[in-house]
Amino acid sequence: MNTQAPQSATLGADIRALRKARGLTLSEIAGRLGRSVGWFSQVERDMSDPSISDLRQIAECLGVPMSMLFAHSAAPANEQGYVVRAGSRRPMGAGDEGLVEELLSPDLTDDFEMVHSTFRPMSRMQKPANRPTQEVGYMVSGRLDLMIGDRTFTVGPGDSFRIKHEPYQWSNPYDEPAVAVWVIAPPVY
């Protein structure tokens, strides 16, 4: 039995995971930021603390909201890397289009991420997405209309679905919120 605690997630580890998930090299992102590769490498290894404006630029380069980089709450040491409390979930995405997402995974350093998604009533994804991911969703409550590739589905409580390297789009044309839990590999947030 392994009794060693996992390495606790850090801002640098999450930035590195996001950079790698986007297929960016240290040189590419450092160039986009107008910074040296050495500086950015130190940020990823938690040897240098980026300023607020640096974090804003890093978030923009990685296509994530700045809140993703700020939301490293101080979980009790014995829970870090193991437990995410309901009130301590990290917000994800911008909340655009009526979608509110929270990270259920302790961090972004695994081969996948778990996300809690709430789709507001009468909301819809404006443009189809096509990500280099495999995603599985489980409907907790409400109903959601999905277009995956050229197929259309309506899913409800207890239903699950998979999106695998295909364009997809969602809508919630119903009067109640829809709640889903997603597993996404590799992490994209």
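Can you tell me which residue among Leu103, Leu144 is without any contact (Cβ under 8 Å) to a residue 40 or more places away in the chain and among the aliphatic types (A, V, I, L, M)?
Among Leu103, Leu144, only Leu144 is without any contact (Cβ under 8 Å) to a residue 40 or more places away in the chain and among the aliphatic types (A, V, I, L, M).
Of all residues in region 87-106, which are part of a loop (DSSP other than H, G, I, E, B), open to solvent by less than 40 Å² (accessible area, probe 1.4 Å) and not polar (S, T, N, Q)?
Answer for region 87-106, where residues must be part of a loop (DSSP other than H, G, I, E, B), open to solvent by less than 40 Å² (accessible area, probe 1.4 Å) and not polar (S, T, N, Q): Gly93, Gly95.
I'd like to verify a number: residues in region 107-120 that are open to solvent by 50 Å² or more (accessible area, probe 1.4 Å) and in contact with a helix residue (DSSP H, G or I) (Cβ under 6 Å, 6 or more places away or on another chain), how many?
First, the residues of region 107-120 that are open to solvent by 50 Å² or more (accessible area, probe 1.4 Å): 109-112, 114, 120.
Pick out the ones that are also in contact with a helix residue (DSSP H, G or I) (Cβ under 6 Å, 6 or more places away or on another chain) and you get 109, 120.
Going through region 107-120 one residue at a time, the tally reaches 2.
Yes/no matrix, rows are residues, columns are (1) farther than 17 Å from Pro65 by Cβ; (2) in contact with a helix residue (DSSP H, G or I) (Cβ under 9 Å, 6 or more places away or on another chain); (3) not hydrophobic (A, V, I, L, M, F, W, C):
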position	(1), (2), (3)
Gly98	no, no, yes
Gln134	yes, no, yes
Gly156	yes, no, yes
Ser171	yes, no, yes
Ala180	yes, no, no
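Can you find even one residue in region 18-25 that is surrounded by 15 or more Cβ atoms within 10 Å (Cβ to Cβ), within 24 Å of Asn130 (Cβ to Cβ), at pLDDT 85 or above and touching a Leu at 6+ places or on another chain (Cβ under 7 Å)?
Yes, that holds for at least one residue.
Let me spell it out: the conditions are (1) hydroxyl-bearing (Ser, Thr, Tyr); (2) more than 19 Å from Arg16 (Cα to Cα); (3) out of contact with any helix residue (DSSP H, G or I) (no Cβ under 8 Å at 6 or more places or on another chain), and Ser123 meets all of them except one. Which number is the exception?
(3)
Considering region 154-189 alone, what residues qualify as being farther than 18 Å from Glu101 by Cβ and either open to solvent by less than 70 Å² (accessible area, probe 1.4 Å) or not in a loop (DSSP other than H, G, I, E, B) (or both)?
If the condition is that a residue be farther than 18 Å from Glu101 by Cβ and either open to solvent by less than 70 Å² (accessible area, probe 1.4 Å) or not in a loop (DSSP other than H, G, I, E, B) (or both), then Thr154, Gly156, Gly158, Asp159, Arg162, Lys164, Pro167, Pro173, Tyr174 are the ones that fit.
Please state which of the following conditions Gly137 fails to meet, knowing it meets all the rest: (1) under 30 Å from Tyr82 (Cβ atoms); (2) in contact with a Gly (Cβ under 7 Å, 6 or more places away or on another chain).
Only one criterion is unmet by Gly137, namely (2).
Limited to region 61-86, what total is found for residues that are at pLDDT below 85, surrounded by fewer than 17 Cβ atoms within 10 Å (Cβ to Cβ) and in a helix (DSSP H, G or I)?
3
The values are calculated or read from the model by the stated rules, or taken from the named source; none is laboratory data. These numbers were taken from a predicted model, which means no experiment stands behind them. Here Cβ is always computed from backbone atoms with ideal geometry, including for glycine, and neighbour counts include all displayed protein chains. For the accessible areas, the whole protein counts, side chains as well, though only heavy atoms, and no ligand, DNA or RNA atoms are used. Shrake-Rupley method; radii C 1.70, N 1.55, O 1.52, S 1.80 Å.
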